[in-house]
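S.K.: Provided herewith is a single structure, encoded as structure tokens, for subsequent inquiry.
Please treat every number below as a calculation from the coordinates, not as lab data. Predicted model, so just to flag it, every value in this text is computed and none were measured. For neighbour counting, all protein chains shown are included, and Cβ atoms are generated from backbone atoms with ideal geometry for every residue, glycine included.
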Amino acid sequence: MKLNLVLVEPEIPQNTGNIARTCAAIGAKLHLVKPLGFDISEKQVKRAGLDYWDKVEIEEHENLNSFLEKYKPEEHDMFFVTTKGKEVYSDIDVKDSKEVFLLFGKETKGLPEDLLLKYIDKTIRIPMRETLRSLNLSNSVAIVAYDVLRQTNFNSLEKISKYFDDRL
């Protein structure tokens, strides 16, 4: 399965760097939907992504409409991750999907409300205490992305460390 992580108008460079590092680790494609709240070449973005940038496939989109025109939600397994989600992220079934898109909104506002209303049945959320607003964006991406991969038994990822093989 091909996993696509989509950041819609991300604002914090360190979050995007951390998410790029996650993409490198799991083989996901990173989509950046403009406007970005920073320049992709900023030191904070590069530092958070460490030396993994050359291992990440990145596609930039001029705006949300251009992304949605190219990758139509009606034609793809696409989920909109939001604190207002209708389902819990672990309840979606993607194990038979060929390609999955997970969309995340900007840190201060999330995804646009009109988009969420239009695709309400494709909205998912991470459970948390009622009194809190949200989790950090890079943490949310990691939680949901790894659960999607769990459904495919982490296909194509190293599951058993060979670190101690020559030490035992």
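S.K.: Look at region 110-129 and say how many of its residues are under 16 Å from V141 (Cα atoms) and assigned to a loop (DSSP other than H, G, I, E, B).
M.R.: So the answer is 4.
S.K.: For a quick check of your reading of the model, give me the residue pairs whose first member lies in region 86-114 and is within 20 Å of E69 (Cα to Cα), whose second is small (G, A, S) and assigned to a strand (DSSP E or B), with beta-carbon atoms closer than 9 Å and at least 6 apart or on different chains.
M.R.: Listed by first residue and then by second, the contacts come to F104/G110.
S.K.: Would you call L30 more than 16 Å from the chain's Cα centre (by Cα) and surrounded by 15 or more Cβ atoms within 10 Å (Cβ to Cβ)?
M.R.: Numbers: more than 16 Å from the chain's Cα centre (by Cα): no; surrounded by 15 or more Cβ atoms within 10 Å (Cβ to Cβ): yes.
It is false that L30 is more than 16 Å from the chain's Cα centre (by Cα) and surrounded by 15 or more Cβ atoms within 10 Å (Cβ to Cβ).
S.K.: Let me ask you something else. Based on this model, can you work out whether G17 counts as more than 18 Å from V144 (Cβ to Cβ) and buried (at least 19 other Cβ atoms within 10 Å of the Cβ)?
M.R.: Here the answer is yes, as G17 does meet what is asked.
S.K.: Out of everything in region 117-135 that is over 18 Å from A28 (Cβ atoms) and touching a helix residue (DSSP H, G or I) at 6+ places or on another chain (Cβ under 9 Å), what residue ends up being surrounded by the fewest Cβ atoms within 10 Å (Cβ to Cβ)? It would help to see each step written out before you state the result.
M.R.: Step one: of region 117-135, the residues over 18 Å from A28 (Cβ atoms) are 117-123, 125, 127-135.
Now drop any that are not touching a helix residue (DSSP H, G or I) at 6+ places or on another chain (Cβ under 9 Å), which leaves 118-119, 122-123, 125, 127, 134-135.
Working: K118: 13, Y119: 18, K122: 20, T123: 20, R125: 19, P127: 8, S134: 16, L135: 14.
Checked region 117-135; the qualifying residue surrounded by the fewest Cβ atoms within 10 Å (Cβ to Cβ) is P127.
S.K.: Suppose the filter is touching a Pro at 6+ places or on another chain (Cβ under 6 Å) and in contact (Cβ under 8 Å) with a residue 12 or more places away in the chain; does Y71 pass it?
M.R.: No, not satisfied.
S.K.: Could I ask something else about it? Step by step: first the residues of region 77-107, then only those that are under 16 Å from V6 (Cα atoms) and among the acidic types (D, E), then the one that is surrounded by the most Cβ atoms within 10 Å (Cβ to Cβ). Which residue is that? Walk me through how you get there before you give the answer.
M.R.: Taking region 77-107 as the starting set, the residues that turn out to be under 16 Å from V6 (Cα atoms) are 77-82, 89, 99-107.
Okay, now just the ones that are also among the acidic types (D, E), so 77, 99, 107.
Numbers: D77: 19, E99: 14, E107: 17.
The residue in question is D77.
S.K.: Would you tally the residues in region 140-168 being surrounded by 14 or more Cβ atoms within 10 Å (Cβ to Cβ) and either of a type in the set (S, T, N, Q) or part of a loop (DSSP other than H, G, I, E, B) (or both)?
M.R.: Selection size over region 140-168: 3.
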